[in-house]
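One structure is given below, encoded as C-alpha cells.
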Amino acid sequence: MPLMEAIPTVSTSTLIAQLATQDVRHLRLTRTVEPMSNFSPETLITDLARHPDARLREALILLFLRQPTYARYVPEITVALESEAALTLRHMYTAAVYLQRLWRSTLGLYLGNFLLLPDYFGQAEFCLPAPDLHFGEAGLRALAALFQAKTGYDWLTTYHSAISLLLAQLSLAMTPDD
C-alpha cells in the first residue's frame with residue numbers, strides 16, 4: 001500500500017495537539033483536544049506538509065529542530081507526496097537544516113547534544129551552499145532568495161520568526177516556576 005493511502009488527513013486541532021506532544025507548542029487550541037496515541041511521525045509530517053494553513057506547514061521547521069530523528073522519514077515521505085506538498089516538505093526541512101547549523105550553539109545550550117539534520121535537498125536539489133558554510137547562513141539566505149523569487153514572500157523573515165519562536169519556547173521551559 002502506498003504511503004499516501006496509509007496516512008489519513010486529520011483536523012487542525014489534532015495536528016496542533018500532536019505538535020505539542022513533540023514539544024512544538026507555539027500554536028494554541030481554542031478547545032481541548034487530546035492527542036492521538038497511535039499518531040506516527042510520518043502521519044504528522046505528511047499532514048503538516050499538506051495542510052492549507054501556512055502556520056502549520058511552517059511548523060515543520062520547528063518539528064525537525066525539536067525532533068531531528070524525524071529526518072529519517074523525510075526522503076520516503078517526500079517521494080510519496082503530491083508535488084506541491086513534497087516541495088513544501090523539502091523547503092521547510094531544508095530551512096531547518098540551515099537554521100540548525102546557524103543556531104547550533106544556542107540550541108545546544110537548551111537541548112544538549114542533538115543529531116545534525118542531513119542535507120537531503122539543499123545542495124542536491126536546490127543547488128544551495130553546504131549547510132556548514134558560514135554556519136548555515138549562506139544556505140539559509142540562498143534558500144530564502146530562491147523561494148522569494150518563486151513566491152514573492154519574505155522567507156528569511158519566516159525562518160527567523162520560526163527560530164525565535166523555538167528559542168522563546170525553550171527559554172520559557174527552562175525558567176523555574178515562581
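What do you reckon, is L15 at pLDDT below 95, surrounded by 14 or more Cβ atoms within 10 Å (Cβ to Cβ) and either among the aromatic types (F, W, Y) or part of a helix (DSSP H, G or I) (or both)? Give the steps one after another, and end with the answer.
Working: at pLDDT below 95: yes; surrounded by 14 or more Cβ atoms within 10 Å (Cβ to Cβ): yes; either among the aromatic types (F, W, Y) or part of a helix (DSSP H, G or I) (or both): yes.
Yes, satisfied.
Please pick out the residue among T158, T69, T106 that is under 20 Å from R50 (Cα atoms) and of a type outside the set (A, V, I, L, M, F, W, C). Give the derivation first.
Working: T69 fails: under 20 Å from R50 (Cα atoms); T106 fails: under 20 Å from R50 (Cα atoms).
Matching residue, one of T158, T69, T106: T158.
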Item checked: Residue in the stretch 67-84 that is within 21 Å of N113 (Cα to Cα), of a type in the set (G, A, S) and touching a Pro at 6+ places or on another chain (Cβ under 7 Å) present -> yes
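Please state which one of Q169, Q123 is under 23 Å from R25 (Cβ atoms) and either touching a Pro at 6+ places or on another chain (Cβ under 7 Å) or surrounded by 14 or more Cβ atoms within 10 Å (Cβ to Cβ) (or both). It would help to see each step written out before you state the result.
Numbers: Q123 fails: under 23 Å from R25 (Cβ atoms).
Exactly one of Q169, Q123 is under 23 Å from R25 (Cβ atoms) and either touching a Pro at 6+ places or on another chain (Cβ under 7 Å) or surrounded by 14 or more Cβ atoms within 10 Å (Cβ to Cβ) (or both), namely Q169.
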Next item on the list: Would you please name the residue that is surrounded by the fewest Cβ atoms within 10 Å (Cβ to Cβ), looking only at residues in the stretch 34-50 that are of a type outside the set (S, T, Y), out of contact with any Phe, Trp or Tyr (no Cβ under 6 Å at 6 or more places or on another chain) and farther than 16 Å from A20 by Cβ?
Entry: N38
Note to self: Being more than 18 Å from E137 (Cβ to Cβ), among the polar types (S, T, N, Q) and surrounded by 20 or more Cβ atoms within 10 Å (Cβ to Cβ) is the filter here; which residues of the stretch 57-116 pass it?
What the structure shows: T78, T88
Next item on the list: With respect to S164, determine if the residue is in a helix (DSSP H, G or I), surrounded by 11 or more Cβ atoms within 10 Å (Cβ to Cβ) and free of Cβ contacts under 8 Å to residues at least 24 places away in the same chain.
Entry: yes
Checklist line | Residue list for the stretch 76-89, filter: assigned to a helix (DSSP H, G or I) and either more than 20 Å from Q22 (Cβ to Cβ) or aromatic (F, W, Y) (or both) | finding: V79, A80, S83, E84, A86, L87
Next item on the list: Could you list all residues from the stretch 120-143 that are touching a residue at least 40 places away in the same chain (Cβ under 8 Å) and part of a helix (DSSP H, G or I)?
Entry: G139, L140, L143
Notebook entry, point to check: Residues in the stretch 145-157 that are β-branched (V, I, T) and buried (at least 17 other Cβ atoms within 10 Å of the Cβ): how many?
Noted result: 0
Margin query: Which condition from (1) surrounded by 21 or more Cβ atoms within 10 Å (Cβ to Cβ); (2) under 25 Å from D23 (Cα atoms); (3) more than 15 Å from the chain's Cα centre (by Cα); (4) aliphatic (A, V, I, L, M) is the one that L128 breaks?
Written below: (2)
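The values are calculated or read from the model by the stated rules, or taken from the named source; none is laboratory data. Just so it is clear, the model here is predicted, and its values are computed rather than measured. For neighbour counting, all protein chains shown are included, and Cβ atoms are generated from backbone atoms with ideal geometry for every residue, glycine included.
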